[in-house]
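Working notes for the structure below.
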Amino acid sequence: MRQQTIRKSVTLEGIGLHSGKPARLTLAPAPPDSGIIFCIGPHGDPIPAAPESVVDSHYATTIGKSGARIQTVEHLLAAAAGLGIDNLRVEVDGPEVPAADGSAKPFVALLTHAGRQQQSARRRPIELPHPVHVGGGARWMRVVPSDTFRISYTLDNDHPAIGTQVLSVTPTEESFVNEYAPARTYGFLKDLGVLRKAGRALGGSLDNTIVLGKRATLNGLRFRDEFVRHKVLDLIGDLALLGRTLRAHVIARNGGHALNFELVVAIQRALGLERRTAAAAHAVEPVGALERADDLTPAPAL
């Protein structure tokens, strides 16, 4: 199969989930083999969506270069991966990708509106030479070679609204768009104070987060098992940091962004790739003008 980009530039504005600050997102076409490149504003230095660019993976995935940082990139990356978009230029005016509704659904709609353009370069899927395992105890991930990309995910939580949720899926574009992209991030009301003191969840609300009280959610669910679906969504977004489609079966239990990133690095090492500095990686010219909380982000001001 050949690589794809978008046909035209599109824009989305909103508030950052963790920063609470306004942000403007502009997506533009990019040339073959460039991957997904972020920058702050139209003239910022390129920051490739790659493992060597990750500077923080607690509660959200943050990439950066030379002091510049862009937070919460995972839902946009998941949308691009789910739609098969390989090359994209992402301009962010602000410290964080807008939260939108807390899922990847608005980014899917934005990319669909932009249209897709097939390119001359062919995709080069990743095929693992051997199984890879990270984590331990009740939190671990394992990847085994496979002819297709598959995720089997188990989420355990003692909250009455969550319990044990299990999914095993071979994502297609249709299933991603309808069954996983709409799944929203979630968080516990009891953790709100600690997170806000740490400078996180400052832009969270009932409009972009499933909030869990002592026994139930404070807002409705889109799916009965929306919690594990969002875990699958986050994993797809973080695996997109590899820059290529993955042919493997990912088996996960109680992961989060930090463990997702650990898995990405382990896959990279299994392929014999050396970790490079962000400054040396993907030198592409601009084109055209919650951990135990399971990556949870409670909503403030409730």
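The values are calculated or read from the model by the stated rules, or taken from the named source; none is laboratory data. Nothing here was measured: the structure is a model prediction, and the numbers come from that model. Using ideal geometry, Cβ is built from the backbone for each residue, glycine included, and neighbour counts are taken over all protein chains shown. Remember, those area values only see protein heavy atoms, side chains included, never the ligands or the DNA or RNA. Shrake-Rupley method; radii C 1.70, N 1.55, O 1.52, S 1.80 Å.
Numbers at a glance
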{"item": "Among the candidates 204, 256, residue that is open to solvent by less than 10 Å² (accessible area, probe 1.4 Å), among the small types (Gly, Ala, Ser) and in contact with a Gly (Cβ under 9 Å, 6 or more places away or on another chain)", "result": "204"}
{"item": "Hits in region 166-200 (condition: farther than 25 Å from residue 83 by Cβ and touching a Phe, Trp or Tyr at 6+ places or on another chain (Cβ under 8 Å))", "result": "166, 195, 200"}
{"item": "Subset of region 115-131 that is in a strand (DSSP E or B) and in contact with a Pro (Cβ under 8 Å, 6 or more places away or on another chain) - its residue that is most open to solvent (accessible area, probe 1.4 Å)", "result": "127"}
{"item": "Residues of region 69-128 classified as among the aliphatic types (A, V, I, L, M) and more than 28 Å from residue 202 (Cα to Cα), total", "result": "7"}
{"item": "Residue check for residue 49: under 15 Å from residue 239 (Cβ atoms), open to solvent by 40 Å² or more (accessible area, probe 1.4 Å), modelled with pLDDT of 95 or more and among the aliphatic types (A, V, I, L, M)", "result": "no"}
{"item": "Scope region 202-212; condition in contact with a Leu (Cβ under 8 Å, 6 or more places away or on another chain), assigned to a loop (DSSP other than H, G, I, E, B) and within 30 Å of residue 84 (Cα to Cα); matching residues", "result": "203, 204, 208, 209"}
{"item": "Meets criteria (open to solvent by 50 Å² or more (accessible area, probe 1.4 Å) and either within 19 Å of residue 238 (Cβ to Cβ) or not polar (S, T, N, Q) (or both)) for residue 176", "result": "no"}
{"item": "Pick from region 1-20, criterion of a type in the set (Ser, Thr, Tyr) and crowded, with 19+ Cβ neighbours inside 10 Å, ranking: modelled with the lowest pLDDT", "result": "19"}
{"item": "Residues within region 135-163 that are under 23 Å from residue 81 (Cα atoms) and in contact with a Phe, Trp or Tyr (Cβ under 9 Å, 6 or more places away or on another chain), tallied", "result": "1"}
{"item": "Breaking point among (1) β-branched (Val, Ile, Thr); (2) more than 20 Å from residue 74 (Cβ to Cβ); (3) part of a helix (DSSP H, G or I), for residue 112", "result": "(2)"}
{"item": "Single residue of region 223-260 satisfying the filter (among the charged types (D, E, K, R) and within 9 Å of the chain's Cα centre (by Cα)) that is farthest from residue 161 (Cα to Cα)", "result": "238"}
{"item": "Flag for residue 232 being farther than 25 Å from residue 20 by Cβ and in contact with a Ser or Thr (Cβ under 9 Å, 6 or more places away or on another chain)", "result": "no"}
{"item": "Residue satisfying all of: in region 147-163; within 23 Å of the chain's Cα centre (by Cα) and among the aliphatic types (A, V, I, L, M); nearest to residue 221 (Cα to Cα) among these", "result": "162"}
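Results for (1) in a loop (DSSP other than H, G, I, E, B); (2) open to solvent by 10 Å² or more (accessible area, probe 1.4 Å), shown as yes or no for each residue.
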| residue | (1), (2) |
| --- | --- |
| 143 | no, no |
| 152 | no, yes |
| 196 | no, yes |
| 214 | yes, yes |
| 221 | yes, yes |
| 244 | yes, yes |
